[in-house]
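Have a look at the structure below, then the notes.
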Amino acid sequence: MTAPITTRLLELYRIGPGPSSSHTVGPMRAARRFRERLEADGVVPARVHVELKGSLSATGHGHGADRAVLGGLLGWHPDTCDVDALLDIRATLGPRPEIPWGAGGVRISPDDVVFLPYRAYRGESLPHPNTMVCRAFDEDDVLLLEQTWCSVGGGFVREADEAMSDILDDRGAPKHAYADGDTLVEAAKAAGLSIGELVLENEAAWDGGSDATLRGLDQVWDAMGACIRRGVAVAGVLPGGLGLKRRARDLFERVEAGAFEMGYAHIARAQAYAFAVNEENAAGGRVVTAPTNGAAGILPAVLTEAAERLGLDRARIRRALATAGAFGSLIKAHASLSGAEVGCQGEVGSATAMAAAALCEILGGDPDDVEYAAEIAMEHNLGLTCDPLKGLVQAPCIERNAMGVAKAWSAAQLALHSGGEHLISFDRVVQVMKRTGDDMKREYKETGEGGLAVAVNLPEC
């Protein structure tokens, strides 16, 4: 077996502000860690300067990357920061460009976070499509510290010369080791456990008998529910200039009024919930990476509708989140969750696979069925590009989450009633997804330079 998966569930599910895990949550965490390094060394710089490169620059304006960096330099955490204060941070710092630092302050202006144009680094080989360079200077403009950070999807970050395996492998081997989808299924069957139960036993062993992960998953579930409730209660137009109207409340009210055919009503309800989450995300509200912000609506929508209709208790929800997390972690380990790296197949595709696996297990699927559900969902998102209009996580992102809900339901049902055999494995599909993402032109990977992002402005022939 290759190196076992050691990503923790609460690393995959991060509570934080929208609209992007790669462009908001990740850069905030990286900027905060840059500050923490300076503080650990007892260094108080005179000023700080940050350059955003790659996709962080190309779509960073619409994704709020500059606000996130400023929040991180202030020492804010994504899961606890005041989202309204984050939205106003440029206006707050503009008149008084200084942040508290120890007993004094450090100069930082909104203009010190720079969206570097592509021509400025065209000949440079970036360590990741989402790259940021943080620099601290003294009063004489002498460089004190420089760090290059990569936001690698789902809120995960690493320094440019740091491998993710170095970050994750120091916690010890899991109780039930697995390295891919095949060995995950084998481990669950050997232990006589569902996939969700197996993952939770791994977490309990790492927790040393405490219930830290269970409490964390409850917080994740509560945050998902709060996001849905906010989203279905609000109307109006989303910020950013597209003039896109919120639709979640109207869709939800139509479901409640019986406007949808009975056989489709449960999916329509879940789609309304997906709209709610992703509209909150687009507005900069607090969401959960599942596994990213851009794809944050699919899993909570599917699980919330199922929980309401089937009366699922907390224990079953925890297992469902664990099942979904197992497949998200596998995709992260063997491909990517980053739209800038592999396109939207790594975001909406991954989220759909996670939701399909969780739902299949909820509905009674065994480990083989669950793996098949994840495979179907991922397979039928292969090649999906990341092409947001105006660099905003709105169109086509919000509707794509709603479509992911329907695909997750279809994948779970097909897997449950397939007779237990399938030709292509989940592992093979993940390999193909990675290769497809590698071959995809950069214009179609979160740059806002290809696909629908430009097609809507092309004249019709």
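Structural remarks
- Every test in (1) closer than 21 Å to L87 by Cα; (2) assigned to a loop (DSSP other than H, G, I, E, B) is passed by V44 save one, and that test is (1).
- Unmet criterion (only one of (1) over 19 Å from E361 (Cα atoms); (2) buried (at least 18 other Cβ atoms within 10 Å of the Cβ); (3) polar (S, T, N, Q)) for S194: (1)
- Total residues in the range 170-206, condition in a helix (DSSP H, G or I), under 23 Å from I424 (Cα atoms) and of a type in the set (D, E): 2
- Restricting attention to the range 86-108, the residues that are within 23 Å of A40 (Cα to Cα) and either polar (S, T, N, Q) or in contact (Cβ under 8 Å) with a residue 24 or more places away in the chain (or both) add up to 8.
- All positions within the range 192-205 that are closer than 17 Å to P4 by Cβ and out of contact with any helix residue (DSSP H, G or I) (no Cβ under 6 Å at 6 or more places or on another chain): L193, E201, N202, A204, A205
- In the range 405-437, of all residues being of a type outside the set (D, E, K, R) and outside any helix (DSSP H, G or I), the one that is modelled with the lowest pLDDT corresponds to G420.
- The condition of being among the acidic types (D, E), farther than 26 Å from C150 by Cα and either free of Cβ contacts under 8 Å to residues at least 60 places away in the same chain or in the same structural domain as D180 (by TED's automatic domain parsing) (or both) holds for only one of E305, E347, that being E305.
- Qualifying residue in the range 93-110 (condition: part of a helix (DSSP H, G or I) and closer than 26 Å to A160 by Cβ): yes
- Within the range 1-59, being acidic (D, E) and closer than 19 Å to N293 by Cα holds for one residue alone: E11.
- Check on T131, within 19 Å of the chain's Cα centre (by Cα) and of a type in the set (S, T, Y): yes
- Residues satisfying the stated conditions in the range 226-264, i.e. buried (at least 17 other Cβ atoms within 10 Å of the Cβ) and among the small types (G, A, S): G231, G240, A248
The values are calculated or read from the model by the stated rules, or taken from the named source; none is laboratory data. Source: prediction; values computed, not measured. Every residue, glycine among them, receives a Cβ derived from its backbone with ideal geometry; neighbour counts consider all protein chains shown.
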